Each structure stands twice: as C-alpha cells, then as structure tokens.
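The values are calculated or read from the model by the stated rules, or taken from the named source; none is laboratory data. Remember, predicted model here, so these are calculated numbers, not experimental data. Note that we place each Cβ from the backbone using ideal geometry, even for glycine, and neighbour counts take in every protein chain shown.
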Amino acid sequence: MGHRFRIAEIVTDTGDIRALRLLKQVGVDEAVGVLPRGFSDWRMHRSDDPWSYGSLASLKRYLSEFGLKLVAIEDNPPMDRIRYGIEGREEELENVLRMIENMGKLGISVWCYNWMAGTGWVRSRTSVTTRGGALTTAFHLEDMEDYPPTVSWKGGQ
C-alpha cells in the first residue's frame with residue numbers, strides 16, 4: 001500500500017506573487033495561511049476582523065487564483081486573556097469560536113494554534129536529530145530551570 005504525501009507551504013506574505021507562482025511550479029498544491037491582518041486599501045482601512053468569514057474567504061479566493069488550496073490556518077485571534085484566564089477571555093473565546101466556525105464554512109479543516117502565554121513558540125533546543133537524520137527543534141522543561149537568566153544590563157551592555 002503506497003503512501004500519498006501532501007505538501008503545503010505556509011504563506012505569510014500574500015504580496016509576493018513570484019513566490020506564490022513558484023510554489024505551484026514546484027508542485028505545491030496546498031497552503032497554510034496566517035490570518036490576513038493587512039489593510040484592504042490605501043487608506044489603511046479594514047472593515048472585517050482577520051478571522052471573519054469575509055477576510056478568510058478573500059484569502060482563500062486569492063490563493064486559489066495561484067492554484068493553491070487553503071487547507072489550514074496557523075495563527076489565531078488574540079488569546080492571551082484566555083491563556084491567563086483573566087477578564088476579557090470570553091470575548092477572545094468568542095472570536096476564536098467565530099474563526100473556527102468560519103473556517104468550517106470555508107472548508108479549511110486544520111487550525112494550528114499556540115497556547116503558550118505571553119510569548120510565541122518557545123524551543124529550548126534547536127538541533128535535535130530526528131527521523132532520517134533531519135534536524136528539528138524541541139522543548140525540554142529541564143532546560144528552562146534557570147530561565148530567564150538573571151543578568152543585569154547596564155547601559156545596553
């Protein structure tokens with residue numbers, strides 16, 4: 001029984017038309033997108049939240065013009081209030097739920113989220129050998145025992 005590989009590329013800059021064309025040329029058919037946070041016109045106007053149906057539909061339609069199917073979103077609305085369990089978390093949760101609902105309506109079936117509070121993705125190791133000798137990153141709690149380091153910075157030195 002053969003295996004079918006699906007190759008998708010994360011598209012963080014939809015303005016790089018050459019890169020979008022190149023993806024299709026090298027055989028990439030699927031895209032992982034980030035929430036479209038750019039402005040819709042020269043006045044720096046945005047009528048919808050990036051996680052709204054209209055914003056996601058526009059991103060999906062735009063990528064399809066380059067032959068790319070938007071299959072995942074690797075991004076999220078603001079979620080730190082949810083992560084910390086503080087006031088305002090219900091509104092943030094509503095935005096997350098709205099995004100998931102809109103993704104479902106548009107057939108975007110994968111959401112890659114980040115539950116790390118107050119920071120982006122954290123890795124404590126950057127050269128971990130994995131299958132076939134490939135290098136990857138990793139997080140090991142024991143690496144973080146003395147983090148953050150207690151360093152006194154004076155005058156930027």
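Here are a few things to note about the model shown:
- One residue from 97, 59, 106, 70 being over 26 Å from residue 22 (Cβ atoms) and either at pLDDT 95 or above or of a type in the set (A, V, I, L, M) (or both): 97
- Residue in the stretch 95-115 that is part of a strand (DSSP E or B) and closer than 16 Å to residue 72 by Cβ present: yes
- Lone unmet requirement of (1) in a loop (DSSP other than H, G, I, E, B); (2) within 26 Å of residue 121 (Cβ to Cβ); (3) not small (Gly, Ala, Ser) for residue 48: (2)
- When the stretch 82-94 is limited to residues that are in contact with a Lys or Arg (Cβ under 7 Å, 6 or more places away or on another chain) and outside any loop (DSSP other than H, G, I, E, B), the one that is farthest from residue 34 (Cα to Cα) turns out to be 89.
A quick yes/no check of all residues on (1) over 15 Å from residue 51 (Cβ atoms); (2) touching a strand residue (DSSP E or B) at 6+ places or on another chain (Cβ under 8 Å):
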site: 80; (1), (2): yes, no
site: 101; (1), (2): no, no
site: 123; (1), (2): yes, yes
site: 135; (1), (2): yes, yes
site: 143; (1), (2): yes, yes
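- For the stretch 79-106, filtering for residues that are surrounded by fewer than 12 Cβ atoms within 10 Å (Cβ to Cβ) and among the β-branched types (Val, Ile, Thr) leaves 1.
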